[in-house]
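I have placed the structure first, in the form of structure tokens, so that the comments after it can refer back to it.
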Amino acid sequence: MAEPRRVAIIGAGPSGIFAAQALLNHPGIQIDLFDRLPTPYGLLRYGVAPDHTSIKGMGVALARVFDSPDVRFLGNVELGRDVTREELLGAYDAVIYAAGAAEDAEMAVPGENLPGSQSARSFVAWYSGHPDAVPFRLTGVRSVVTVGVGNVAVDVSRILCKSVAELTPTDMPDAVLNELRGHEVRDVWVVGRRGPEHASFTTTELRELLTLPEVQPVVHDDLDGLDVTTLDRRPRANIEAMRAAKQRDVPDASMRLHLLFWHRPVEIRGNRRVSGITLERTALDADGRLIGTGEDRTVECELVLRAIGYRATPLPGVPFDEARGVIPNRSGRVVNACGEVAPREYAVGWIKRGPTGVIGTNKSDAAETVAALAEDLEDEEMSRPGWGDTAPLEAVDELLRRKGLTPTSYADWMRIDAAETALGGRYGRARTKIATWDELLDIARGPGSVSSRRGGGGAQGGQHGGVDGGVHGGQPGG
Ligand SMILES: Cc1cc2nc3c(=O)[nH]c(=O)nc-3n(C[C@H](O)[C@H](O)[C@H](O)COP(=O)(O)OP(=O)(O)OC[C@H]3O[C@@H](n4cnc5c(N)ncnc54)[C@H](O)[C@@H]3O)c2cc1C
């Protein structure tokens, strides 16, 4: 029988998992799904809003990949920190980069670094219980301005506008719920530099935001003059949702949700921390370019959240297009600075195409990448890594062991999953997220373990022949 081919996937988010699923259609391939976090699922666990439980439920379908004896999860291993690109290329036939987009775009305006000016990404990470998140303090915050008119802006605004009673059934960590419980935010602004017809909200999410109980929507723009007949379906439906919101009167409203278009931030104001944001009115010139009109207004606020897009981080040694914030590639094949294909290296998901699309978009994206990889694997000429006389799997495990790494396995993740479910169950919740590295690693490693982001023992968690046999199935942790 032919020796199995071995593929490493860096990032166990939706795109990495879809890539693994697609690879399983090609017999004779063994897959290691690495993630820097001890848990799988990427932004499905740490981005998708906790109150959108039906989307979180997509994890059930993603989890099935771990039922395969040819797939193992190796969490708590970071490319760049723990292993290098060269080491991976030495141990695997091919490497797929699926590391997502973990940074955020900046507004580049004065005052952006004042305390109280943050990225929506960091707010999302906090309420999602990401172990790297810095806690938010909402004491003294009465007005929040979110810059950006996509679904991330909608998510963070909705979380601020919902009552704690509405958020309690979610998986938010207790500390987050406690902070939200006491908040005194009365005004949440969503600001876009172009018009309402250009906003990238999806209509279901926008409508949900504009019809929240006890929240008075305030649409500042005049929508009467807008000819919706020339618009595509989504912007037309968005305008209809905004027109309906203009008619809505919420007599007992405890909060106001403002939509303000045709304004761009020019300065975040404040001495020691944010006290307001100056916005300049914008318009389109004769060529359709966005220009400032010089007409400013200031909105008082104590917190500014920029939600103007995510950006991928370069992976050490891996080609990166700084301008586009992606790994340059042709149909998923990584391309180097000279425009040549880098053999045995592939990209998928947000790091391949930029931070756009819904979770399902990553499935067709992964199919394209895996088709390219499978075609290349069939090419007998493709050089294979120099394993010497060590068997491939042992070579990988030996590499991890030699480096003192103890990856978390799928069985370890199942322990975290069970602990979170039990923690939530005590208060009638389906799950409560555990939000610190120490706790996650202690639970993963079982009783008596000592938490460490770098381990001291050997590689764990082999479904296909590693040290720990692995547990399959079960409910994923959204
Ligand atoms: C706030 C927010 C809300 C969203 N809501 C929805 C929604 O409601 N519905 C929907 O369909 N889509 C939603 N999306 C989009 C969806 O989350 C993305 O399409 C999807 O997660 C992208 O998948 P990915 O695998 O490319 O990246 P990610 O999900 O980011 O996964 C990347 C993984 O790589 C790991 N990683 C990063 N660097 C390294 C490294 N150096 N070494 C090892 N591992 C590494 C990360 O830990 C992470 O687990 C949302 C996105 C955001 C940001």
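The values are calculated or read from the model by the stated rules, or taken from the named source; none is laboratory data. Quick caveat: nothing in here was measured; it's all calculated off a predicted structure. FYI the Cβ positions are ideal-geometry reconstructions off the backbone, even for glycines, and counts take in every protein chain you see.
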Quick check on segment 68-82: of everything there that is among the small types (Gly, Ala, Ser) and assigned to a loop (DSSP other than H, G, I, E, B), which residue is nearest to the ligand (Cβ to nearest atom)? GLY80
Residues of segment 305-347 being without any contact (Cβ under 8 Å) to a residue 40 or more places away in the chain and β-branched (Val, Ile, Thr), which ones? VAL326, VAL335, VAL341
Would you call LEU160 under 22 Å from the mean Cα position of the chain (by Cα) and either at pLDDT 95 or above or surrounded by 18 or more Cβ atoms within 10 Å (Cβ to Cβ) (or both)? yes
In segment 138-154, is there at least one residue being under 22 Å from the mean Cα position of the chain (by Cα) and farther than 20 Å from GLY309 by Cβ? no
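The rows are residues; the columns are (1) buried (at least 19 other Cβ atoms within 10 Å of the Cβ); (2) more than 8 Å from the ligand (Cβ to nearest atom).
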position	(1), (2)
GLU3	no, yes
GLY13	yes, no
GLY59	yes, yes
GLY90	no, yes
Could you give me the residue pairs with C-beta distances under 6 Å whose first residue belongs to segment 137-165 and is touching a residue at least 60 places away in the same chain (Cβ under 8 Å), whose second residue is in a loop (DSSP other than H, G, I, E, B) and among the small types (Gly, Ala, Ser) wherever it lies, and which are 6+ apart or on separate chains? THR146/ALA307; GLY148/ALA307; VAL149/GLY192; VAL149/ALA199; GLY150/SER200; VAL152/ALA307; ALA153/ALA307; ASP155/ALA49
From SER54, SER68, which residue is free of Cβ contacts under 8 Å to residues at least 24 places away in the same chain, assigned by TED's automatic domain parsing to the domain that holds THR408 and of a type in the set (S, T, N, Q)? SER54
Taking segment 177-197 and keeping only residues that are in contact (Cβ under 8 Å) with a residue 60 or more places away in the chain and either within 16 Å of the ligand (Cβ to nearest atom) or not acidic (Asp, Glu) (or both), one is left with VAL185, ARG186, VAL188, TRP189, VAL190, VAL191, GLY192, ARG193, ARG194, GLY195, PRO196
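Is at least one residue of segment 178-193 surrounded by 15 or more Cβ atoms within 10 Å (Cβ to Cβ), within 30 Å of ASP442 (Cβ to Cβ) and modelled with pLDDT of 95 or more?
The first filter runs over segment 178-193 and keeps only residues surrounded by 15 or more Cβ atoms within 10 Å (Cβ to Cβ), leaving 179-180, 183, 185, 187-193.
Subsequent filtering for residues that are within 30 Å of ASP442 (Cβ to Cβ) retains 179-180.
With the extra rule that they be modelled with pLDDT of 95 or more, the set shrinks to 179-180.
Yes, segment 178-193 has at least one match.
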If you go through segment 110-123 one residue at a time, do you hit one that is within 20 Å of the chain's Cα centre (by Cα) and in a loop (DSSP other than H, G, I, E, B)? no
Going residue by residue through segment 157-165, is there one that turns out to be assigned by TED's automatic domain parsing to the domain that holds GLY195 and farther than 29 Å from ASP417 by Cβ? yes
Only one residue in ALA105, ALA99, ALA175, ALA165 is in contact with a Gly (Cβ under 6 Å, 6 or more places away or on another chain), among the small types (Gly, Ala, Ser) and surrounded by fewer than 20 Cβ atoms within 10 Å (Cβ to Cβ). Which one? ALA105
Return only the number of the condition from (1) part of a loop (DSSP other than H, G, I, E, B); (2) more than 9 Å from the ligand (Cβ to nearest atom); (3) within 19 Å of ILE327 (Cα to Cα) that MET107 does not satisfy. (3)
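So that you can scan it fast, the table gives a plain yes or no per residue for (1) under 30 Å from GLY317 (Cα atoms); (2) touching a helix residue (DSSP H, G or I) at 6+ places or on another chain (Cβ under 9 Å):
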{"residue": "ILE10", "(1), (2)": "yes, yes"}
{"residue": "SER15", "(1), (2)": "yes, yes"}
{"residue": "LEU23", "(1), (2)": "yes, yes"}
{"residue": "PHE34", "(1), (2)": "yes, yes"}
{"residue": "THR39", "(1), (2)": "yes, yes"}
{"residue": "GLY42", "(1), (2)": "yes, yes"}
{"residue": "PRO50", "(1), (2)": "no, yes"}
{"residue": "PHE66", "(1), (2)": "yes, yes"}
{"residue": "PRO69", "(1), (2)": "no, no"}
Would you check which residues across segment 119-135 are more than 14 Å from the ligand (Cβ to nearest atom) and either aliphatic (A, V, I, L, M) or surrounded by 20 or more Cβ atoms within 10 Å (Cβ to Cβ) (or both) and list them? VAL134
Looking at segment 92-104, which of the residues that are in a strand (DSSP E or B) and of a type outside the set (Asp, Glu) is nearest to the ligand (Cβ to nearest atom)? TYR97
Condition test on VAL341, is it modelled with pLDDT of 95 or more and either more than 29 Å from the chain's Cα centre (by Cα) or over 30 Å from GLY57 (Cα atoms) (or both)? yes
What residue, among those in segment 21-51 that are among the small types (Gly, Ala, Ser) and free of Cβ contacts under 8 Å to residues at least 60 places away in the same chain, is farthest from the ligand (Cβ to nearest atom)? GLY28
